[in-house]
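S.K.: Quick one: this structure, given as C-alpha cells, is what I'll be asking you about.
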Amino acid sequence: MTRTHWTLAETLRRHGKNVSALVKASGLSKNTVYDIVNGKSQAVTLETLDKLLSGLEQLTRAPVTLEDVLRREQGSDIDPELLAQAAAARPFNWEELRKTLPTWTDEERAEDERHQQELKAEKLVQLAQGDKRLDQLLGILDGPETRSPTEPGKRQHP
C-alpha cells in the first residue's frame with residue numbers, strides 16, 4: 001500500500017521559514033498554504049502546486065523538487081496495532097523454548113538423521129548435474145578447435 005503525504009511543513013522547518021513568508025512568496029491564499037502545511041489538503045491544482053514550488057524556491061533561494069512538498073512512500077498492509085506489538089516484543093529465547101519441547105526418541109533421531117543424509121545426497125546429485133551441464137555449455141562455447149581430439153567435450157588447457 002502506498003501513501004502520499006505533504007512534506008511542506010518539514011521543508012519549511014528545515015529552512016527555518018514560516019507559513020506567512022511562503023504565503024507572500026507564493027501568492028497563494030493563507031488558507032490554501034495552511035491546509036497543505038497541516039496535511040488537510042487532499043487535492044490541489046497544478047497551478048497551485050507550481051505557485052507553491054516557485055514561492056518555496058524564492059523563499060529558500062535554493063532549487064526545490066516535488067519531494068520538498070510531497071512524498072510517496074511504500075506503506076504496510078500490516079495492522080498498526082500488530083506492528084506496535086512486534087516493536088515492543090522481547091528477543092526470542094531459544095533455550096527457554098527448548099526446555100518446553102519434548103525430547104526425541106531414538107527412532108525420531110534416526111529418522112531425522114536419515115532425512116538429513118537424503119538431503120545431502122540430493123544436493124550432491126544436483127551439484128553433479130550442474131557441473132555436467134556447465135561442461136556441456138563450455139564445450140559448446142569453446143567450439144571444436146579447443147576440444148581434445150581423443151575426448152569430445154573435454155577442453156584442452158594451453
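The values are calculated or read from the model by the stated rules, or taken from the named source; none is laboratory data. Quick caveat: nothing in here was measured; it's all calculated off a predicted structure. Cβ: placed from backbone, ideal geometry, glycine included. Neighbour counts: every protein chain shown. With ligands, DNA and RNA removed, areas are computed over all heavy atoms of the protein, side chains included. Shrake-Rupley method; radii C 1.70, N 1.55, O 1.52, S 1.80 Å.
S.K.: Mind checking which of 141, 70, 49 has the largest fluctuation in a GNM of the chain, springs on alpha carbons under 10 Å?
M.R.: Largest GNM mean-square fluctuation: 141.
S.K.: Let me cross-check residue 48: its accessible surface, 1.4 Å probe, with only protein heavy atoms counted, in Å² to the nearest 10?
M.R.: Rounded to the nearest 10, that gives 30 Å².
S.K.: May I ask for the angle, rounded to the nearest 10°, between helix 46-60 and the longest principal axis of the chain, with both axes built from Cα atoms and the value confined to 0 to 90°?
M.R.: Tilt relative to the chain: about 80 degrees.
S.K.: Report, in deg cm²/dmol and to the nearest 500, the calculated mean residue ellipticity at 222 nm for the chain, where each DSSP H run with n ≥ 4 adds -39500 (n - 2.57) and the sum is divided by the residue count.
M.R.: Dividing the helical sum by the residues of the chain leaves -18500 deg cm²/dmol.
S.K.: Using the heavy atoms of the protein chains and a 1.4 angstrom probe, tell me the accessible area per residue for the range 66-125 in square angstrom.
M.R.: Result: 96 Å² of accessible area for each residue.
S.K.: Sorting 133, 71 by accessible area (1.4 Å probe), largest first, what list results?
M.R.: So, going from the largest accessible area down, we get 133, 71.
S.K.: On average over all directions, what projected area in square nanometres does the chain have, based on the convex hull of its Cα atoms?
M.R.: 23.5
S.K.: Let me confirm the definition first: pairs of Lys residues in the chain, 8 or more apart or on different chains, C-alpha distance under 21 Å. How many are there?
M.R.: Value for the chain: 11.
S.K.: For the range 98-129 and the range 1-61, what is the separation of their Cα centres, given in Å?
M.R.: So the two Cα centres are separated by 62 Å.
S.K.: Under a 5 Å amide H to amide H cut-off, with H placed in plane at 1.01 Å, what residues pair with residue 70 once short-range neighbours are removed?
M.R.: Long-range HN contacts for residue 70: 7.
S.K.: Which of the chymotrypsin sites (Phe, Trp or Tyr not before Pro) across the range 30-94 are loop residues per DSSP, with 10 or fewer other Cβ within 10 Å?
M.R.: 92
S.K.: Related question: Computing the accessible area with a 1.4 Å probe over protein heavy atoms, can you report the carbon and sulfur percentage for the range 27-80?
M.R.: Here carbon and sulfur together make up 48 percent of the probe-accessible area.
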